[in-house]
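Enquirer: The structure's right below; bear with me while I get my questions together.
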Amino acid sequence: MDIDARSIKEVLAIINNEDKKIPSAVEKEIPYIAKAVELVVHAFRNNGRLVYVGAGTSGRLGVLDAVECPPTYGVSPELVQGFIAGGEKAMFRAQEGAEDKEENGANDIDRLHISKKDVVCGIAASLRTPYVVGAVKHAKALGAHILYVTTNPRSKFDAPEYAELSKAIDIAICPEVGPEVVMGSTRMKSGTAQKLVLNMITTTAMIRMGKVYENMMIDLQMTNQKLRERAKRIVMTITGIDYNKATEYLEQADFHVKTALVMIRANVGKEEAKARLKNADGFVRAAIEGKIYHAEESL
């Protein structure tokens with residue numbers, strides 16, 4: 001309560017001590033996050049999408065997580081999408097009032113042609129943001145699976161005023177981070193917790209989709225020279241071959257990292273490597289071993 005009278009170092013120590021509470025709050029939600037990942041992976045494997053909806057900080061975090069997926073994992077920009085109350089301009093400047101109408105969220109859902117194949121994830125630290133509530137309720141009515149990320153206690157969903165929202169939600173993820181250092185500044189602990197949760201959902205889903213081998217991303221899009229060099233480093237690190245050999249194999253594999261890895265590790269040609277990857281559902285480890293693998297069965 002006297003933070004305004006503290007020294008700079010003391011203020012920083014207070015913030016840091018509060019931030020230390022976030023990982024343990026997220027850890028308690030892992031069972032719910034795991035269920036959320038299962039829904040997302042199932043959607044991805046059945047031509048569905050993950051759509052984030054949020055306002056303010058929560059909306060920006062959803063957009064951030066979505067836009068990072070294509071360059072990191074080589075997926076279509078349509079697969080994970082983020083929508084913020086107020087549209088693109090709200091990413092850079094607050095659009096006050098844009099989040100106050102449920103119909104704004106419902107309208108964004110309509111523009112996406114949401115169906116039962118999709119997962120829609122509402123992100124609202126306060127739990128009650130009208131834009132988010134309207135979006136998830138409408139998405140549920142259209143048959144989508146609904147996730148909800150909030151830093152309010154799970155017990156809040158039992159309150160009569162949230163009965164309609166609660167019915168629309170399949171899985172709620174509720175890390176309780178406690179009051180903010182600056183009251184109401186949910187860009188702090190709440191925002192950090194939400195970022196961790198979104199990272200966990202998409203990263204784990206991409207791993208379950210075969211986008212990672214060992215601990216390296218192997219489906220990155222080589223849209224520039226930096227990413228081509230990263231691909232070479234990945235191949236070198238995993239296989240132990242030198243730079244020139246990595247370049248040679250990647251060129252033979254049409255700069256498809258997975259194909260190059262299977263060619264090297266299984267000592268097979270490009271066509272055999274591609275066939276193995278197809279049989280292995282895109283999982284490099286199984287393709288190297290020549291196994292037929294169905295990731296959906298292992299959820």
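A short reminder: the numbers here are calculations on the coordinates, not readings from a lab. Here the structure is a predicted model, which is why all the values come from computation and not from measurement. We place every Cβ from the backbone using ideal geometry, glycine too, and count neighbours over all the protein chains shown.
Enquirer: Would you mind calculating the gained length between SER76 and ARG230 on full extension (0.36 nm times residue separation, minus the Cα-Cα distance), in nm to one decimal? Please report the intermediate quantities before stating the final value.
Expert: Values: separation 154, 0.36 × 154 = 55.44 nm, distance 1.99 nm.
Roughly 53.4 nm would be gained on extension.
Enquirer: Here's another thing I want to ask about it. Give me a comma-separated list of calculated 3J(HN,Hα) values for the stretch 196-203, in order, Karplus coefficients 6.51, -1.76, 1.60 applied at θ = phi - 60°, integers in Hz, x for any Gly or Pro.
Expert: Couplings: 4, 5, 5, 4, 5, 5, 6, 5 Hz.
Enquirer: So for each of 7-19, 143-155, 180-192 I average, over its residues, the number of other beta carbons within 10 Å; can you give me the resulting order with the highest mean first?
Expert: Numbers: 7-19: 11.8, 143-155: 20.8, 180-192: 17.2.
Going by the mean number of other Cβ atoms within 10 Å, highest first, we get 143-155, 180-192, 7-19.
Enquirer: Okay, moving on. Between helix 257-266 and the chain, what is the angle of the helix's C-alpha long axis to the longest principal axis, kept within 0 to 90° and rounded to the nearest 10?
Expert: 50
Enquirer: Hey, what angle do you get for helix 102-112 against the long axis of the chain, alpha-carbon based, 0 to 90 degrees rounded to 10?
Expert: In the chain, helix 102-112 runs at an angle near 20 degrees to the longest axis.
Enquirer: Given a Förster radius of 51 Å and the C-beta distance between ASN244 and LEU12 as r, what FRET efficiency does 1/(1 + (r/R0)^6) yield to the nearest 0.05?
Expert: The pair ASN244/LEU12 has a calculated efficiency of 0.55.
Enquirer: Using the Cα centre as the reference, give the magnitude of the dipole from point charges on the C-beta atoms of the chain (Lys, Arg: +1; Asp, Glu: -1; all else neutral), rounded to the nearest 20 debye. Please report the intermediate quantities before stating the final value.
Expert: On the way: 40 positive and 39 negative charges, 136 e Å.
I would put it at about 660 debye.
Enquirer: Under unit Cβ charges (Lys, Arg +1; Asp, Glu -1), what dipole magnitude, rounded to 20 debye, does the stretch 213-298 have relative to its Cα centre?
Expert: 220
Enquirer: Taking amide H atoms as placed 1.01 Å from N in the peptide plane, list the residues 5 or more away in sequence, or in a different chain, whose amide H sits under 5 Å from that of GLY82.
Expert: Close amide H contacts, sequence-distant or interchain: TYR52.
Enquirer: Compute the separation of the alpha-carbon centres of the stretch 209-256 and the stretch 102-148 and state it in Å as a whole number.
Expert: 38
Enquirer: Arranged by the count of other C-beta atoms within 10 angstrom, fewest first, what order do HIS256, HIS42 take? Could you put the intermediate results ahead of the total?
Expert: Working: HIS256 21, HIS42 17.
Ordered by Cβ neighbours within 10 Å, fewest first: HIS42, HIS256.
Enquirer: In the calculated pair distance distribution of the stretch 171-299, what percentage of Cα-Cα distances lie above 19 Å?
Expert: Values: 4735 of 8256 pairs.
Here the long-distance tail beyond 19 Å is 57 percent of all Cα pairs in the stretch 171-299.
Enquirer: Roughly speaking, what % of Cα-Cα pairs in the stretch 3-208 are separated by over 28 Å, rounded to a whole number? Working shown, then result.
Expert: Details: 4997 of 21115 pairs.
I get 24 percent for the Cα pairs in the stretch 3-208 exceeding 28 Å.
Enquirer: Also: Expressed as a whole number of Å, what is the distance separating the alpha-carbon centroids of the stretch 16-51 and the stretch 259-275?
Expert: 34
Enquirer: Please turn the phi angles of the stretch 210-220 into ³J(HN,Hα) values with the Karplus equation 6.51 cos²θ - 1.76 cosθ + 1.60 (θ = phi - 60°), one per residue in order, whole Hz, x for glycine and proline.
Expert: x, 8, 10, 10, 6, 10, 10, 6, 10, 10, 5
Enquirer: Please build a GNM for the chain, connecting alpha carbons under 10 Å apart, and tell me which residue among PHE44, PHE157, PHE92 fluctuates the most.
Expert: Among PHE44, PHE157, PHE92, the largest mean-square fluctuation in the Gaussian network model of the chain belongs to PHE92.
Enquirer: Turning to a different aspect of this structure: Between 0 and 90 degrees, rounded to the nearest ten: what's the tilt of helix 56-73 against the longest Cα principal axis of the chain?
Expert: 0
Enquirer: A follow-up question, please. In whole Hz, what ³J(HN,Hα) sequence does the stretch 78-94 give by Karplus (6.51, -1.76, 1.60; θ = phi - 60°), x for Gly and Pro?
Expert: Residue by residue, the stretch 78-94 yields 6, 5, 10, 10, x, 10, 10, 4, x, x, 4, 5, 6, 5, 10, 8, 4 Hz.
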